[in-house]
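**Student:** This is the structure I have questions about; it appears just below.
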Amino acid sequence: MTTTTKHRAIHAELLGRILSGAWPPGAAIPHEAELAREFAVTRPTIARALADLVGDGLIERRRRAGSRVAERRPAEAVLRIPLIREEIEAEGRAYGYRLLSRERVETPPAAIGAVVGPDPALRLLCLHSADGAPYQFEDRWINLATAPAAETADFERVSPNEWLVEAMPFSRAEQALTAEAASPAEADRLAIGEGAPVFVITRSTWLDEAPVTRARLVHPGARFRLIARDRGPAA
């Protein structure tokens, strides 16, 4: 693992501790020497990861008082990616998941590499169902330099959507919603006719400037509902 990859992995782990509440606002951050021993790296590598967290506004450094988790977090640090399992179960339907294929790709295609980067990536094809009927076909790429733990994750047992939400923090996300016609492969996976209307969510996330994942989430138009809720002004 290169120094850059180690720095990214340590930054991701420390960010995860902050976002999960393991290190709550105001909590003291362990000294660099202690973290260097924990991660078996040099102090400069730890210092770089901590400096990035300071730049993110998540850590405050004070002379003689050491480093502490910032009392207030930037808005982008608390973005939430929805869990498809929770969406289906919230409607009172039985959730199902199946991993269709898993492949390590050393050099992603140009169109994918433009989003997930030129690093080796893991490509996962998955099918999510509601009450036994296909609900979402997921075509996902994960950057293995940013999320090296994905290499050994058990995606037969847990979906990449759920694994990433639980294990891989992010600082920026982009999402596009489109209505399209099902390709032959998508129609086959979703048990619909070729060219049938589908609703597509294309979602990408980054950790700082490092790409984490890019997913194309395809839903049968007749079986998917997009619900937006707004609390509106206080009464």
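**Student:** Give, as a single signed number, the net charge of other residues whose beta carbon lies under 10 Å from the beta carbon of residue 67, with Lys and Arg counted +1 and Asp and Glu -1.
**Tutor:** Counting the neighbours of residue 67, the net charge comes to +1.
**Student:** Would you kindly state how much longer the chain becomes between residue 179 and residue 71 on full extension, computed as 0.36 nm times their sequence separation minus their alpha carbon distance, in nm to one decimal?
**Tutor:** Here the answer is 34.7 nm.
**Student:** For residue 158 and residue 209 in one chain, what is 0.36 nm times their gap in residues minus the Cα-Cα distance, to one decimal in nm?
**Tutor:** Stretched out fully, the residue 158 to residue 209 stretch lengthens by 15.7 nm.
**Student:** Give a residue-ordered list of calculated ³J(HN,Hα) values for the stretch 120-131 (Karplus: 6.51 cos²θ - 1.76 cosθ + 1.60, θ = phi - 60°; whole Hz; x for Gly, Pro).
**Tutor:** Rounded to whole hertz, the list is x, 9, 9, 9, 10, 10, 9, 10, 10, 10, 10, 6.
**Student:** Moving on to the next point. Once you list every other residue whose beta carbon is under 11 Å from the beta carbon of residue 195, what net charge do they have if Lys and Arg are +1 and Asp and Glu are -1?
**Tutor:** Here the count lands on -3.
**Student:** Between residue 165 and residue 17, with labels modelled 7 Å along Cα→Cβ, what's the label distance in nm to one decimal, could you check?
**Tutor:** Label at residue 165, label at residue 17, 2.5 nm between them.
**Student:** Let me know the charge dipole size of the chain about its Cα centre in debye, to the nearest 20, where only the beta-carbon of Lys, Arg (+1) and Asp, Glu (-1) is charged.
**Tutor:** Using Cβ point charges on Lys, Arg, Asp and Glu, the chain gives about 820 debye.
**Student:** Taking amide hydrogens as modeled 1.01 Å from N in the peptide plane, which residues meet the under 5 Å criterion relative to residue 208, leaving out close sequence neighbours?
**Tutor:** The list, which skips near neighbours in sequence, is 171, 172.
**Student:** Among residues other than residue 38 whose Cβ falls under 11 Å from its Cβ, what is the net charge (Lys/Arg +1, Asp/Glu -1)?
**Tutor:** -2
**Student:** Something else about it: If you average 1/r over all unlike Cα pairs in the chain and invert the result, what Kirkwood radius do you get in angstrom?
**Tutor:** Result for the chain, one decimal place: 19.5 Å.
**Student:** Still on this structure: Counting each DSSP H run of 4 or more residues in the chain as -39500 (n - 2.57), what helix-only mean residue ellipticity at 222 nm follows after dividing by all residues, to the nearest 500 deg cm²/dmol?
**Tutor:** -8500 deg cm²/dmol
**Student:** Okay, moving on. Using Cα pairs under 8 angstrom and six or more residues apart, how large is the relative contact order of the chain, in percent?
**Tutor:** Rounded, it is 16 percent for the chain.
Coordinate-derived values only; no laboratory data. Predicted, not measured: the structure shown is a model, and the values here were computed from it. Note: ideal-geometry Cβ built from the backbone for every residue, glycine included; neighbour counts use all protein chains shown.
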